[in-house]
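The values are calculated or read from the model by the stated rules, or taken from the named source; none is laboratory data. Not measured: the values here are computed from a predicted model. Positions of Cβ are generated from backbone atoms using ideal geometry, with glycine treated the same way; all protein chains shown enter the neighbour counts.
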Amino acid sequence: MEIRVELKDILSYEGGAVVVNLFEEVEKPGGATGAMDKALDGAIQKAIARGELKGKLGERLLVHTFGKLPTPMVLVVGLGKQEQFTLDYVRSASAEALKHLRKAGAKQVGTIVHGAGIGGLDPEQCAQALVEGTILGLYTFDKYKKEKEEKEIQELVLLERDPGKLGAFTEGVARGRILAEAANFARDLVNEPANRMTPADMAEVARKVAEPLGLAYQALGPDEIKALGMGAFLGVAQGSQQPPRLIVLGYRGGEENRLHLGFVGKGITFDSGGISIKPAEGMEAMKGDMAGGAAVIAAVKAIAELRLPISVTAIVPATENLPSGTAQRPGDIVQAMNGKTIEVINTDAEGRLILADALCYARKQGASKIVDVATLTGACVVALGSIRTGAFGNDQHLLDQVIKAGEEAGEKIWPMPMDEEYDEQIKSDVADLKNVGGRKGGAITAAKFLAHFVEDASWVHLDIAGTSQADAEKSYQPKGATGVPVRTLVNLATLLWREARAS
Ligand code: BES
Ligand code: ZN
Ligand code: ZN
């Protein structure tokens, strides 16, 4: 899809459709919507009077222009209550609008930038949110279907009459596009079935990201992983015929030692539970147990495309978790890269085992701040549902920044406790730690386990078990993979860079 900004009156746009908007409880539309209404002999106002359109968020009214305007269709989208208006409403409204117009067969769409006028929000951020909502909302995954969605929006034009806003809009469009396409890229990896996204396939994907952007790329195999002393990672991998990969993707955009972010992502390409096998019902969703890994690869891609002047290293331990004659057993003791021994009580708590070694490796790579992303626990889904990602950490400031970055992205995050009393639950009788802490506070004890491998590094852990896949479509989020928290990670990198520059 081509996206551009044009200095033009919305009334003179000649493409397939134009989008204007309406806040809730507005009886007489003003601005561009008012001008449009006048050109259409009051059709919009009449629809409001009839109660056909109230301006509620997501609401749409399609008006055919019958020659009264150069465009054949005008779509009015509701923006909700003006006093509640946020950038996330811009994402939602633009997604609803573009999905509607795709169905209606429009190929070129002109739109006003929601929120940048009477909405009173920052014009650049509005343009960014509009583009994000559009690209995220129009996402489909139909590569394995013979019958594909034929209808496609080919062009989106942001129309503006004030030349002073064009620069900000252009910047916003560029950033929105990079962020949303990165999120869709992560969605693609998560939606792929496990037979098409093995650890080696995932490494190949990372290599293809690295090449055009000139990123450092490595994919270590079983022998190298063993040589590094990653016994916890290898223990999980030993049940599978697919050899594991430790994927490392590095972007160096700034002076070394200034700000070096480490992003660690769980890369279980299929989680059957291993010998502690999961029930059959819903097990297919475990093809998405590499969503954390997909997110960190996509985030580095976007950060490199934005040319942020910082360093970022993404580390993805990638393996399947399967039962077999060579699989690890409950009761086995493994040793992680930092020397700590772990009693494996439940082979289905495999994420924390592979992350233990990957976190040690992130520190060894010199990352000064580490964020890990993992579909780690069902307990987090019980606690926060599919609305908020759980956040844990050992550095309140970094945690605050991550939450803020998520808020800006419309990817909601909630802080969780890390009291030392929880440590009691993961003490083992026979090893330094055990990999499960019982049913109580399961998401927290998983995070406490990870803390043993970050030691004194500044660190945040994001549990995306509930937020990485959606059961139903909702505005800019289709059913399936969400791409959470790609945009959060990129915003975080931006926030931390601004902070480092200021200090
Ligand atoms: N991948 C799962 C967690 C998960 C659950 C992700 C639901 C997405 C949706 C993880 O490896 C797992 O199986 N965790 C166990 C841990 C338990 C054995 C301590 C869980 O949460 O049940
Ligand atoms: Zn598991
Ligand atoms: Zn898992």
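Below, the figures for the structure above:
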{"quantity": "Among residues of segment 260-275, those that are in contact (Cβ under 8 Å) with a residue 60 or more places away in the chain and within 11 Å of ligand 3 (Cβ to nearest atom), counted", "calculated": "8"}
{"quantity": "Near pairs, Cβ below 8 angstrom, 6+ apart or cross-chain, from segment 422-450 (assigned by TED's automatic domain parsing to the domain that holds V381 and assigned to a helix (DSSP H, G or I)) to any residue that is more than 13 Å from ligand 1 (Cβ to nearest atom) and acidic (D, E)", "calculated": "K448/D423; L450/D372"}
{"quantity": "Some residue of segment 164-176 being without any contact (Cβ under 8 Å) to a residue 60 or more places away in the chain, surrounded by fewer than 22 Cβ atoms within 10 Å (Cβ to Cβ), hydrophobic (A, V, I, L, M, F, W, C) and within 26 Å of G34 (Cβ to Cβ)", "calculated": "yes"}
{"quantity": "K143, sole failed condition from (1) without any contact (Cβ under 8 Å) to a residue 24 or more places away in the chain; (2) over 30 Å from P243 (Cα atoms); (3) assigned by TED's automatic domain parsing to the domain that holds K99", "calculated": "(2)"}
{"quantity": "Residue tally, condition within 15 Å of ligand 1 (Cβ to nearest atom), more than 18 Å from G235 (Cβ to Cβ) and out of contact with any helix residue (DSSP H, G or I) (no Cβ under 7 Å at 6 or more places or on another chain), over segment 286-310", "calculated": "3"}
{"quantity": "Given (1) touching a residue at least 12 places away in the same chain (Cβ under 8 Å); (2) in contact with a strand residue (DSSP E or B) (Cβ under 9 Å, 6 or more places away or on another chain); (3) within 12 Å of ligand 1 (Cβ to nearest atom); (4) aliphatic (A, V, I, L, M), number of the condition M283 does not satisfy", "calculated": "(1)"}
{"quantity": "Hits in segment 263-292 - residues which are within 13 Å of ligand 2 (Cβ to nearest atom) and farther than 21 Å from R187 by Cβ", "calculated": "S272, G273, G274, I275, S276, I277, K278, P279"}
{"quantity": "Close pairs from segment 348-364: first closer than 12 Å to V334 by Cβ, partner within 16 Å of ligand 1 (Cβ to nearest atom) and of a type in the set (F, W, Y), Cβ under 8 Å, at least 6 apart", "calculated": "R352/F449; L353/F233; I354/F233; A356/F233; A356/F449; D357/F233"}
{"quantity": "Residues being in contact (Cβ under 8 Å) with a residue 60 or more places away in the chain and part of a loop (DSSP other than H, G, I, E, B) - total across segment 324-338", "calculated": "8"}
{"quantity": "Which numbered condition T111 fails, given (1) surrounded by fewer than 24 Cβ atoms within 10 Å (Cβ to Cβ); (2) over 30 Å from A194 (Cα atoms)", "calculated": "(1)"}
{"quantity": "Test result for A291, surrounded by fewer than 24 Cβ atoms within 10 Å (Cβ to Cβ) and aliphatic (A, V, I, L, M)", "calculated": "no"}
{"quantity": "Failed criterion for T313 (all others in (1) surrounded by 24 or more Cβ atoms within 10 Å (Cβ to Cβ); (2) part of a strand (DSSP E or B); (3) within 16 Å of ligand 2 (Cβ to nearest atom) hold)", "calculated": "(3)"}
{"quantity": "Test: residue in segment 431-448 that is touching a helix residue (DSSP H, G or I) at 6+ places or on another chain (Cβ under 8 Å), away from ligand 1 (no atom under 16 Å from the Cβ), farther than 18 Å from V484 by Cα and basic (K, R)", "calculated": "no"}
{"quantity": "Check on T319, in contact with a strand residue (DSSP E or B) (Cβ under 7 Å, 6 or more places away or on another chain), within 13 Å of ligand 1 (Cβ to nearest atom) and part of a strand (DSSP E or B)", "calculated": "yes"}
{"quantity": "Which numbered condition M418 fails, given (1) over 22 Å from L179 (Cβ atoms); (2) out of contact with any Phe, Trp or Tyr (no Cβ under 8 Å at 6 or more places or on another chain)", "calculated": "(2)"}
{"quantity": "Any hit, segment 339-351, residues being surrounded by fewer than 18 Cβ atoms within 10 Å (Cβ to Cβ), within 16 Å of ligand 3 (Cβ to nearest atom) and within 17 Å of K266 (Cβ to Cβ)", "calculated": "yes"}
{"quantity": "Test: residue in segment 293-309 that is within 27 Å of G378 (Cα to Cα), more than 16 Å from ligand 2 (Cβ to nearest atom) and part of a strand (DSSP E or B)", "calculated": "no"}
{"quantity": "Given (1) of a type in the set (G, A, S); (2) without any contact (Cβ under 8 Å) to a residue 12 or more places away in the chain; (3) in contact with a His (Cβ under 9 Å, 6 or more places away or on another chain), number of the condition S94 does not satisfy", "calculated": "(2)"}
{"quantity": "Given (1) among the charged types (D, E, K, R); (2) within 16 Å of ligand 3 (Cβ to nearest atom); (3) over 18 Å from A194 (Cβ atoms), number of the condition E305 does not satisfy", "calculated": "(2)"}
